[in-house]
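Asker: Have a look at the structure that comes next, please.
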Amino acid sequence: MINFFPRRRLQVLRRSPRVSVPFGSRQLVIPYRPISTILIIFLSLLSIFLFLRTDTFQVKALEFEFEQLADEALVRQRISEEVIARSIFFLNIGKVEQEIKENFLTVNTVSIEKKLPDRLLIKVSVRKPLAIVADKSKNQFLVDHEGLLFRPAAGETLPVITISEDFEGVVGTVIDGRGISGYLQTLDLVSQKGLETKAIYLRSETIELRLKKTIVWLSADRVIDEQLELLTQILQRLKLGGRTPKSVDLRFSRPVVKL
């Protein structure tokens with residue numbers, strides 16, 4: 001008869017350290033051996049995983065911070081459907097943010113911050129229109145600094161861009177082109193620098209910027225930011241002397257200023 005469990009082997013097992021693991025109403029006794037260590041780690045991780053998925057950490061409360069948005073109620077409802085009763089630890093907030101931006105084009109950014117154990121802070125910002133784009137049928141759309149037509153215009157007082165005779169505007173379309181990009185970038189930067197602008201015109205490779213008392217010509221083929229920074233410096237320097245230029249031409253290697 002073959003003895004599979006020699007007496008010496010059984011004595012070693014009896015003397016080896018043991019770990020008791022709760023298992024229902026009983027205690028599961030496991031000898032402390034390498035394979036037992038792996039099992040203990042696995043059970044511990046499984047317990048933590050199941051604990052994090054309990055009701056304690058399911059999203060129950062939402063705090064919203066909205067800029068003025070016409071679709072606010074719909075955005076609130078859509079976000080709630082995506083996050084309520086989901087584990088806060090396993091919630092993919094990046095996916096939720098991207099889905100909201102894709103389904104609501106007026107939304108610029110969505111920021112979701114987790115607040116343990118069961119609360120989310122959600123900040124929603126909207127797209128800022130820089131101009132109005134008119135298509136071949138004279139339909140007008142609001143466009144932002146990314147060139148996205150995000151909704152139809154509704155009587156806003158903004159510069160109007162007519163792109164070409166064959167252009168047909170559709171909400172969700174991104175307009176491109178070197179001149180148009182320069183035009184939109186100019187509008188964005190002018191707004192950031194606080195320059196009071198009456199009108200902006202796109203003329204071939206030139207962008208004409210009409211300030212309150214000054215006409216400015218920019219090159220659409222050069223970096224707009226650098227040209228506007230130079231313009232700001234020129235205006236500030238002349239203002240210190242109590243003068244306002246009639247025109248500033250920045251299309252050449254050296255600026256041409258007329259007083």
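Asker: Collect residues whose amide H, placed 1.01 Å from N in the peptide plane, falls under 5 Å from the amide H of ARG151; neighbours closer than 5 in sequence don't count.
Answerer: Here LEU142 satisfy the definition.
Asker: Label GLU63 and PHE89 with points 7 Å out from Cα along Cα→Cβ: what is the distance between them in nm?
Answerer: Result for the modelled spin labels: 2.3 nm.
Asker: Obtain the nm distance between the two label points defined at GLU168 and ARG254 by a simple spin-label model: each point lies 7 Å from its Cα along the Cα-to-C-beta direction.
Answerer: It works out to 5.2 nm between the two label points.
Asker: Another question about this same structure. At a Förster radius of 41 Å, what calculated FRET efficiency corresponds to the Cβ-Cβ distance of ALA73 and TYR201, to the nearest 0.05?
Answerer: E(calc), rounded to 0.05, equals 0.55.
Asker: I'd like to compare 123-135, 240-252, 44-56: which one has the highest average count of other Cβ atoms within 10 Å, and what's the full order after that?
Answerer: My ranking of the peptides, most packed first, is 123-135, 240-252, 44-56.
Asker: Separate question: By a straight-distance test (C-alpha under 22 Å), which lysines pair with LYS198 as possible cross-link partners, with residues fewer than eight away in the same chain excluded?
Answerer: Qualifying lysines at Cα under 22 Å: LYS128, LYS212, LYS213, LYS239, LYS246, LYS258.
Asker: List the residues, sorted by chain then number, that are 5 or more residues from PHE167 or on another chain and whose placed amide H is less than 5 Å from its amide H.
Answerer: Long-range HN contacts for PHE167: LYS136.
Asker: Quick one: length gained pulling SER47 to GLN192 fully straight, 0.36 nm per residue minus the C-alpha distance?
Answerer: 46.9 nm
Asker: For ARG210 and GLN98, what is the calculated FRET efficiency with R₀ set at 30 Å and r taken between the beta-carbons, to the nearest 0.05?
Answerer: 0.15
Every number here is computed from the coordinates shown, using simple stated rules; none is lab data. Fair warning: this is a prediction, and the values are worked out from it, not measured in the lab. Backbone-built Cβ (ideal geometry, glycine too); neighbour counts: all protein chains shown.
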